[in-house]
Protein chains: 2
Amino acid sequence: MPNPSAAMLVIGDEILSGRTRDANMYHLAGRLTEHGIDLCEVRVIGDAPERIAETVRTLSSQYDHVFTSGGIGPTHDDMTADAVALAFDTPIDIRADAREILAQHYAASGRELNAARLRMARIPEGALLIDNPISAAPGFSLGNVHVMAGVPAIFAAMVASVLPGLTGGQPLISRTLRIERGEGDIAAILGALASDFDDLSMGSYPFQNDGVHGTNIVIRGTDPDQIERAAARLEEQIAKMS
Amino acid sequence: MPNPSAAMLVIGDEILSGRTRDANMYHLAGRLTEHGIDLCEVRVIGDAPERIAETVRTLSSQYDHVFTSGGIGPTHDDMTADAVALAFDTPIDIRADAREILAQHYAASGRELNAARLRMARIPEGALLIDNPISAAPGFSLGNVHVMAGVPAIFAAMVASVLPGLTGGQPLISRTLRIERGEGDIAAILGALASDFDDLSMGSYPFQNDGVHGTNIVIRGTDPDQIERAAARLEEQIAKMS
């Protein structure tokens, strides 16, 4: 059975303008791979509600899971919750349980739960809350769409809350071989190996460190024995070259 | 007149599996903003030729420019050039000028220009070459699609070659105000300001440094005077709060 598939949607003008370097894609990619969910596509778009809604709808229909990052804070540019509700034509309002979480958090820190902060208790009907152990305001899962914060520490904490509840497949295992030859020198060997082991994926990544010019070959798959056999054959053939 | 629009397409299984942290999106976003081209969307997809072709076609029809990163090396997993040719139903073959660039480079370094490396001279008919001052193998522009390498140093060099030839609009200017108040405390003021200055975009980014909890407000636009007026009004209103 193939692994479940996933897409990620990163939301925020600050990423597209180059002000902020996104950190969440790299984090999520690693966690999904460990969990046996295949990340197939990532999209980054700006803070525009209709655009967010349309993209969520598209990705939700194409993949088993959609993970979003960004746009769930208290300010006017935080539009993700309403956009996700719009995507599924679901009513959205301040929900009692989310409001209570915020009320306790702000009471404890002596800050005011004002109208702006209350926006963070707007949750689409039927959604499940995602725990936020850092700043309280929850994320949520609506159907197969998991809506999380953009601040990297909070995003990571929310991913840790959501993933254990999702059925994973076989974790992708990878083995990296460092080969001190140019990509072009080993391309023929590698291409033949890739077609002999068609359940595995073989990636080739040139490097140049301290004047040494070489290639990292990454063999990925779910069967450790098969990866071992492919790695052994590659090493044998590289050894024969010299 | 609005600025030209752009999309970026990052190609590579290694990004989606979490092995490699992409650096090219952040780089391109900053350079485009300086040049007055609006980056509207980024997509990340794997090394699958039909998927690449389909996505290139979609983005090329929706935006003034498309910039791709990755998949133009000598190995079997480098599929971008053929996929872009496929996207536009354009013939592709080894081109004499690209071959000559590679021949000189490999002759100078005493390495062999073998069949695998010759793949890097495959250029779709009618494309313009993009200079690669680092490892010679060129990128290319076909119509509004600019095909560049994934290795960050080479990607950056290719962006520097391409951008001066593209008509830009007004560079986006941004001004950041550091405010030592929570996002929720200033959200109402900020929302009102954003609707009064609807040519500007206002982003709100919470921070927590050395125990100080606050918000960076980023005001973006193309008219420096307007940005100055909005910043002055925001500062005045924040001062009144205390």
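The values are calculated or read from the model by the stated rules, or taken from the named source; none is laboratory data. If you're wondering where the values come from, they're calculated on a predicted model, not measured in any experiment. All Cβ positions, glycine included, derive from the backbone under ideal geometry; neighbour counts span all protein chains shown.
For region B:135-152, the set of residues classified as of a type in the set (Phe, Trp, Tyr) and out of contact with any strand residue (DSSP E or B) (no Cβ under 8 Å at 6 or more places or on another chain) is empty.
Listed by position, the strands (runs of 3 or more DSSP E) enclosed by region A:155-229 that each have at least 2 residues that are within 13 Å of chain B (Cβ to nearest Cβ) and farther than 20 Å from residue B:70 by Cα are A:173-179.
Of the residues making up region A:230-239, just one is of a type in the set (Gly, Ala, Ser), under 22 Å from residue B:74 (Cα atoms) and either more than 31 Å from the chain's Cα centre (by Cα) or not in a helix (DSSP H, G or I) (or both), namely A:239.
Residues in region B:1-38 that are under 20 Å from residue B:77 (Cβ atoms), within 7 Å of another protein chain (Cβ to nearest Cβ) and surrounded by fewer than 18 Cβ atoms within 10 Å (Cβ to Cβ): B:21 only. Residue check: residue B:43 meets all listed conditions (1) away from every other protein chain (no Cβ under 11 Å); (2) of a type in the set (D, E, K, R); (3) touching a strand residue (DSSP E or B) at 6+ places or on another chain (Cβ under 9 Å) but one, namely (1).
Here residue B:133 passes the criteria (1) more than 14 Å from chain A (Cβ to nearest Cβ); (2) outside any strand (DSSP E or B); (3) touching an Asp or Glu at 6+ places or on another chain (Cβ under 7 Å) except the one numbered (3). Screening residue A:184 on (1) within 30 Å of residue A:225 (Cα to Cα); (2) assigned by TED's automatic domain parsing to the domain that holds residue A:91 shows it passes everything except condition (2).
If you filter region B:80-90 down to residues that are free of Cβ contacts under 8 Å to residues at least 40 places away in the same chain and either of a type in the set (S, T, N, Q) or in contact with a Pro (Cβ under 8 Å, 6 or more places away or on another chain) (or both), you find that the one that is nearest to the other protein chains (Cβ to nearest Cβ) is B:83. The condition of being basic (Lys, Arg) and buried (at least 19 other Cβ atoms within 10 Å of the Cβ) holds for residue B:117.
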